[in-house]
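Here's the structure we're looking at; comments come further down.
All of the numbers you see were taken from the coordinates with simple rules; none came from a lab. Predicted model, so just to flag it, every value in this text is computed and none were measured. Don't worry about glycine lacking a Cβ; one is built from the backbone with ideal geometry, like all the others, and counts go over all protein chains shown.
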Amino acid sequence: MNLINNGKLDFSQLESIIKKPKLFTKDKVNFWQDPYISEHILYAHLDDESDEGSRKYETVIKSVLWLSEYMNMPQGSRLLDLGCGPGLYSEHFHGQGFKVTGIDFSQSSIDYAKEEAKASQYDIEYICQNYLEIDYNNEFDVITLIYGDLCVLSHQERDLLLTKVRKALKPGGYLIFDLFTKQYFKDGHEKQTWYLSQEEGFWKEEEHLLLHEHFKYKKDKVRLEKYTMIMNDGQMQSYHIWKHYFSLKRAKEMMKQHQFNLKDFWSDLCGKPYEIESPWIGIIAQKS
Ligand SMILES: C[S@@+](CC[C@H](N)C(=O)[O-])C[C@H]1O[C@@H](n2cnc3c(N)ncnc32)[C@H](O)[C@@H]1O
């Protein structure tokens, strides 16, 4: 899309930016896989002190140690880390004796994870793939989906993924995941903000104007972060980040619908007791 038409600013194009998109409208470009953006997401994952791309390094370690102790599984149990990013959790689960497969569709993250595993001589299998396309049958003891991945999918995609995950797990196998709650968006009112990026930014190397809109879809319990980048030649590109939030009741219903037993739940994936005000729910469910 271009904002400039016959040398003039085309306001009808601007309207398309501010209009509330239909629920789960897809982007033309998947930002996770855009070579420039995914490189910057990788930097965010690797920032030990930030919760941006991944949780802080100390939280990742705490989580893996706690979950491993909680599951208390035999050495060599097979673990599938879906949306593994650069392999922060995969590596530590490997260190806890799991035989790990990590899947992510970001080529930059998978390349990094493979290099790290090779340099450290870790026997971890990394696959660059869309996890909605996995096709395993009774193969894994544990499947992880960490940092809200189930929340950013459409209803249809989530159902598809949970069906595939259930099929991929051995009977009694564990599914570990976390969900946003309404509290996650406590201060998030519908709003529009913008900034001018004059140097290499997160979304683009060249100078650009970045518009950010936060939309609410109250009935559907979904929020949207919409980022629109406008370049100095009038070209523009929008990215939608859908964020679905859950109550414990809805999480339990979702597990029941997909034939999992919700075994335990917390305020995070490090064993913090569940509190109604928590922005996250950490869940371990078992294939029934
Ligand atoms: C929020 S990050 C979390 C990464 C990792 N679990 C962590 O906590 O360090 C989500 C990851 O899921 C990946 N991802 C998102 N949708 C995916 C899909 N459909 N198939 C494969 N990977 C996906 C992204 O590329 C990204 O690496």
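Each Cα pair under 8 Å and six or more residues apart adds its sequence gap; the mean of these over the residue count of the stretch 1-114 is a relative contact order of 21 percent. Computed log10 I(q)/I(0) for the stretch 111-240 at 0.10, 0.15, 0.22 Å⁻¹: -0.54, -1.00, -1.21, from the Debye equation with unit scatterers placed on every C-alpha and solvent omitted. Here is the list for the stretch 182-288: GluC sites (Glu not before Pro) lying in DSSP coil, each with at most 12 other C-beta atoms within 10 angstrom of its C-beta, are Glu190, Glu199, Glu200, Glu205, Glu275, Glu277. Pairs of Cα atoms nearer than 8 Å and 6+ residues apart set the relative contact order; for the chain it is 17 percent. Taking every DSSP beta bridge that has both ends in the chain, the antiparallel portion is near 70%.
Dividing the alpha-carbon radius of gyration of the chain by the rule-of-thumb value 2.2 N^0.38 Å gives 1.06.
For the stretch 116-127, 3J(HN,Hα) computed residue by residue from phi via the Karplus equation (6.51, -1.76, 1.60; θ = phi - 60°) reads 4, 5, 5, 4, 9, 6, 8, 8, 10, 8, 10, 10 Hz, glycine and proline entered as x.
When you count the other C-beta atoms within 10 angstrom of each residue and take the mean per peptide, 9-22, 128-141 line up highest first as 128-141, 9-22. The lysines within cross-link reach of Lys22, meaning a Cα-to-Cα straight distance under 18 Å and a gap of 8 or more places when in the same chain, are Lys191, Lys216, Lys218, Lys219, Lys221, Lys226, Lys243.
Ordered from longest to shortest, the equivalent ellipsoid semi-axes for the stretch 63-114 are 21, 10, 8 Å, each the square root of 5 times a Cα gyration tensor eigenvalue. Here the Kirkwood formula, the inverse mean of 1/r across different C-alpha pairs, assigns the stretch 32-129 a hydrodynamic radius of 13.5 Å.
Distance from the C-alpha centroid of the stretch 1-55 to that of the stretch 56-107: 30 Å, rounded to the whole angstrom. Take 82-92, 148-158 and order them by the average number of nearby Cβ atoms within 10 Å per residue, most first; the result is 82-92, 148-158.
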